[in-house]
Each structure stands twice: as C-alpha cells, then as structure tokens.
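Read the structure below first, then the notes.
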Amino acid sequence: MNRKPLVVLGVLIFSASLVALIPAGVAYRWSAPEAIRLTGVSGTLWDGKARLGSVDRLGFQNLEWNLKPSRLLLGRVAADVSMQLGEGFLEGGLAAGLLGNSYRLDGLRGSCSLSNLQDMLPLPGVGGILNLDLKQLRVEDGIPSAAEGSLRLGRLTLAMAGSDVLGDYQLTFEESLPEEGIAGRIKDLGTGPFEVAGRLRVATDGNFSIQGTIKSRPAAPAHLQGMLQYLGPESPDGTRPFELSGSL
C-alpha cells in the first residue's frame, strides 16, 4: 500500500494547525490587506477577536472569528464571523479563494441603523433600520453577483418628509442566471402611507436599476400625498411610476 499520500495529507493538516495557532496580532501585522484595519487584536489566527476595526469604509466593533483550517487544504479560507455595527450586529460564514478577488457569505444575518452605514452607503437624508437574512451572497471584484434571501428596511424616514415614518419595506432576491446578475422584488409591508411594488436589477458590471409603482393609501397625510405629484401623472388605478438607477 502506498502511504505517501497519507503522509503528505498528515503533514498538510499538521502545518495548517500550526499556522492557525499563530497569535492573531502577529498574523494581522504580517499579512492583513491595507483595506482592513484592526485594533485590540487578541486570540489566535484560528480563533481571534478585535475590539475595533474597519474594512474600506465600514467601521465595526467586537469582531470575532473562528477559522476552519480544513478548508485550506481545498485552497480556500473559511470562517464564522460576527461583529457589532453600532447598536446592531452582523454574523455569518465567510469563504474566499486564496487567489482572486471573490468571496461568498453564507447564513448572513444582521440588523443595524442606516446611520452606521452612511460612509459605505451614502444616502443623505435617508434613515431607518436595515435587517438582513441572506442564505447566500456572492461578491466578485467588489460587485454582488448572486444573492438568496431578503433585506428589510424598517421605519424608513426621508428628510423631505419631515418627521413622518414611512413604514417598512422588503427586498426579496429571486433566482437568476449568472450572466443576468441579481434580481429582486420590492414591496411595502403595509405599515406606511404608501403602497409600493417594484423590481431591482444589479448587472454584472455593478450598474443597478429599480423600477416600480407607488400609490398613497387613503389615510396618508395630505403633505405626503402631495410629494408624489413630482413623480409624474397618476394612472387610472392611482399608482405613479418611479425609477432609480446608479452604479455600485
């Protein structure tokens, strides 16, 4: 019996275990990308923590991670990660190839105020609570390429609407072909002054578009109903079309 493959496998597992036991602070100083900034690092590369940190323009607190060294044998880095975002949180599984610029998030759950994301998502005058429940999210070259699950925006506020709370809205991602990018369905949850229905498209080049219709509910305050006049003429069913587009 040829035992060489078993010996090589044993050496690889042992080596991966040794690497994983390197102090997290040492590993961070050696190899962290410039986009990742951490302070108060403790634990090991395998099972570590950081008191404060940021990735690009996203700041967070109390980061914890638990690596899965066995995935290194498959040429991938995988870990369970959790962090605080202000008074909110984010947790899930992260997997990425050792080479390339793509990664996948699994079982991603979180909740935070839009104010905690203002540096990453510049939405001046927009407030609310964002809740994530994503079974899977794939990102390639910094652009989301596939998603499964839903996002919910609660207690939406707009500066132009004053202090009025405009209700809760949900985006549910739909299955689509890889070359088609991401598709999703938008709807209101019946808690605000408007009835909203629409669709989201995110192309593989990062360009996105949102198309839909909006209609005032009978009990909507007059000043909110008046805001919709700027969207154009009203259809016979009382809805008005709207469209937004941009680039990620």
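The values are calculated or read from the model by the stated rules, or taken from the named source; none is laboratory data. Because the structure is predicted, anything quoted here is derived from the model rather than measured. We place every Cβ from the backbone using ideal geometry, glycine too, and count neighbours over all the protein chains shown.
Side notes on the structure shown:
- Whichever residue in the range 158-174 is farther than 24 Å from residue 90 by Cα and either in contact (Cβ under 8 Å) with a residue 60 or more places away in the chain or not hydrophobic (A, V, I, L, M, F, W, C) (or both) and, among such residues, is surrounded by the fewest Cβ atoms within 10 Å (Cβ to Cβ): 163
- Count - residues of the range 100-119 that are in contact (Cβ under 8 Å) with a residue 12 or more places away in the chain and surrounded by fewer than 16 Cβ atoms within 10 Å (Cβ to Cβ): 6
- The range 105-161 - residue that is among the basic types (Lys, Arg) and on the phi < 0 side of the Ramachandran plot and, of those, modelled with the lowest pLDDT: 138
- Of all residues in the range 133-149, exactly one satisfies the criterion of being farther than 16 Å from residue 172 by Cα, in contact with a Leu (Cβ under 9 Å, 6 or more places away or on another chain) and either polar (S, T, N, Q) or assigned to a loop (DSSP other than H, G, I, E, B) (or both), namely 142.
- Considering residues of the range 178-222 that are touching a residue at least 40 places away in the same chain (Cβ under 8 Å) and more than 18 Å from residue 248 (Cα to Cα) only, the residue surrounded by the most Cβ atoms within 10 Å (Cβ to Cβ): 198
- Taking residues in the range 129-157 that are farther than 23 Å from residue 114 by Cβ, and partners anywhere that are part of a strand (DSSP E or B) and of a type in the set (Val, Ile, Thr), the pairs with Cβ atoms closer than 8 Å and at least 6 places apart or on different chains are 145/139; 145/182; 146/182.
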